[in-house]
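Working notes, structure below.
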Amino acid sequence: MSRKLFGTDGVRGQANSWPMTADMALRLGAAAGRHFSRGGENGHRVVIGKDTRRSCYMLENALTAGLTSTGMNVLLLGPVPTPAVGYLTRSMRADVGIMISASHNQATDNGIKFFGPDGFKLSDEAEAAIEGIMAGEIIPAEPLKIGRAKRIDDGLGRYVEYAKTTLPRGASLRGLKVVVDCANGAAYKAAPEVLWELGAEVIALGVAPDGFNINREVGSTHPRAAAEAVVAHGAHIGLCLDGDADRIVMIDEHGQIADGDQIMALMARRWAEEERLNDGTLVATVMSNLGLERYLHSHGLRLERTSVGDRYVVERMRAGGYNLGGEQSGHIVMTDYATTGDGLIAGLQVLQAMVDQGEPASHLMRQFAPVPQLLRNVRFAAGQAPMTAESVQSAIRAAEVRLEGCGRLLIRKSGTEPLVRVMAECEDQGLLDDIVGGLVAEIEAAL
């Protein structure tokens, strides 16, 4: 069965517009409840977390109504990072976990992500099954088997304590001055608290959510504020999380930005030296820089590439038994510690490297020289399909011929926004600019 409602990372869209409406969320909750309860006796439980968007209240209530209508007991965590939902789903023996968030998107968007009882995101097959239930009549629970809902006060605290245990026993960050930008999002309490309790001097940004300022000029998609704060405060490093804290970019002491590729390179090398990188392999997507692949090969390590989306990274990791993967955008997946990308725990790994090696962030965050890479987005409207135009396909074929042997080209539709993403890599910056600019022009002309 195909999926129409679910994208590459759950269900996502503009709040109060289909599919992110209260009606849809209620029906989705009921369908998920029916899928995970499978008609069994009452007592099944689901944990629900959210980020700081105003629309989360609406969707949380609608999901709760749908879930309880099919006999599920709902535990409401409040604002917590997405990886906390994955952790708590498994830790609290829930049948399903739900995170309400549109991640790095603007406040007017929202999304719903599901986690299975093992704490991992649902498979395509499970999402298709839920859609199938939605398409038919959803049978409610009998009156005496309607579920209950209650707020859980210690969910965030459980995650905070767990995050600290991912460092070696007795580890301390004393002596480090750390800027942490929480994007006015889900980690606005957890991240500063973890860092402070581990001994760091903390300068916190993006910790005043108002329901509408999530990701607004702060966080991993807007790291300039953190970079300026690092330099102004003489900090050793900056950590920039996104709205649901499942991704991170980092800032060195000079205010320079390091993306997920540099973070993965550092971690892969360290883990390999410590003989804990499974099969000497890192899993990343087709978007990761060619420089990362060359760096790994120079250290006798291997890169496996997947389609874009951290769920596909995780699927490959689980299938191959690998324990480290991620995306250039900053999703860092460490299955020894988490079931999905965890920006905070990834940041702790880098901070521990600084302590162990006694080296500045500028050295640790520049593991390889990236091959010049250019990414541009073209937005399209509903009903438009620019990639099907023969002029666009012809331009793509011509670009691939020009890059053969000296670079690579990747063009794809975004799984979370109505965008065509055009990315190319090439040592020749002039050729790179010409190819990407020409393709963007052809796609825009086809709209």
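The values are calculated or read from the model by the stated rules, or taken from the named source; none is laboratory data. Nothing here was measured: the structure is a model prediction, and the numbers come from that model. Here the Cβ positions follow ideal geometry from the backbone for every residue, glycine too, while neighbour counts run over all protein chains shown. Note: accessible area is taken over every heavy atom of the protein model, side chains too, but ligands, DNA and RNA are not part of it. Shrake-Rupley method; radii C 1.70, N 1.55, O 1.52, S 1.80 Å.
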Which of the residues belonging to segment 362-390 are more than 30 Å from ILE251 (Cβ to Cβ), open to solvent by less than 60 Å² (accessible area, probe 1.4 Å) and part of a helix (DSSP H, G or I)?
PRO386, MET387
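Let's see how each residue does on (1) over 24 Å from ASP259 (Cβ atoms); (2) of a type in the set (D, E, K, R); (3) touching a residue at least 60 places away in the same chain (Cβ under 8 Å):
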{"residue": "GLY343", "(1), (2), (3)": "no, no, yes"}
{"residue": "ALA346", "(1), (2), (3)": "no, no, yes"}
{"residue": "GLN367", "(1), (2), (3)": "no, no, yes"}
{"residue": "PHE380", "(1), (2), (3)": "yes, no, yes"}
{"residue": "ALA389", "(1), (2), (3)": "yes, no, no"}
{"residue": "ILE411", "(1), (2), (3)": "no, no, no"}
{"residue": "GLU417", "(1), (2), (3)": "no, yes, yes"}
{"residue": "LEU432", "(1), (2), (3)": "no, no, yes"}
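Matching residues to (1) touching a strand residue (DSSP E or B) at 6+ places or on another chain (Cβ under 9 Å); (2) surrounded by fewer than 23 Cβ atoms within 10 Å (Cβ to Cβ); (3) farther than 20 Å from ALA186 by Cα:
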site	(1), (2), (3)
THR8	no, yes, yes
ALA30	no, no, yes
GLY49	yes, no, no
THR52	yes, no, no
ASN61	no, yes, no
Quick check on GLY255: is it of a type in the set (Gly, Ala, Ser), more than 17 Å from MET365 (Cα to Cα) and open to solvent by less than 20 Å² (accessible area, probe 1.4 Å)?
no
Filtering segment 333-354 for residues that are of a type outside the set (Gly, Ala, Ser) and touching a Gly at 6+ places or on another chain (Cβ under 9 Å) leaves a count of 6
Single unsatisfied condition, THR221 versus (1) in contact with a strand residue (DSSP E or B) (Cβ under 7 Å, 6 or more places away or on another chain); (2) touching a residue at least 40 places away in the same chain (Cβ under 8 Å); (3) under 23 Å from GLY255 (Cβ atoms):
(1)
For ALA25: the one exception among (1) assigned to a strand (DSSP E or B); (2) crowded, with 18+ Cβ neighbours inside 10 Å
(1)
For segment 345-361: of the residues being open to solvent by 10 Å² or more (accessible area, probe 1.4 Å) and under 14 Å from VAL178 (Cβ atoms), which is nearest to the chain's Cα centre (by Cα)?
GLN349
If I filter segment 290-301 for residues that are within 22 Å of the chain's Cα centre (by Cα), closer than 30 Å to ARG174 by Cβ and open to solvent by 20 Å² or more (accessible area, probe 1.4 Å), do I get at least one hit?
no
I need a count of the residues in segment 391-439 that are open to solvent by 70 Å² or more (accessible area, probe 1.4 Å), farther than 30 Å from MET20 by Cα and either assigned to a strand (DSSP E or B) or hydroxyl-bearing (Ser, Thr, Tyr) (or both).
0
Going through segment 71-97 one residue at a time, which ones are farther than 20 Å from ASP153 by Cβ and open to solvent by 10 Å² or more (accessible area, probe 1.4 Å)?
ASP95
Which ones in segment 318-361 are closer than 30 Å to LEU409 by Cβ and either touching a Leu at 6+ places or on another chain (Cβ under 7 Å) or not in a loop (DSSP other than H, G, I, E, B) (or both)?
ARG318, ALA319, GLY320, LEU324, GLY325, GLY326, ILE332, VAL333, GLY343, ALA346
Identify, from the list ILE152, ILE146, the residue that is more than 20 Å from ASP336 (Cα to Cα), open to solvent by 20 Å² or more (accessible area, probe 1.4 Å) and in contact with a Ser or Thr (Cβ under 7 Å, 6 or more places away or on another chain).
ILE146
Some residue of segment 225-233 being closer than 20 Å to ARG366 by Cβ, at pLDDT 95 or above and surrounded by 24 or more Cβ atoms within 10 Å (Cβ to Cβ)
yes
For MET317, indicate whether it is open to solvent by less than 10 Å² (accessible area, probe 1.4 Å) and over 25 Å from GLU127 (Cα atoms).
no
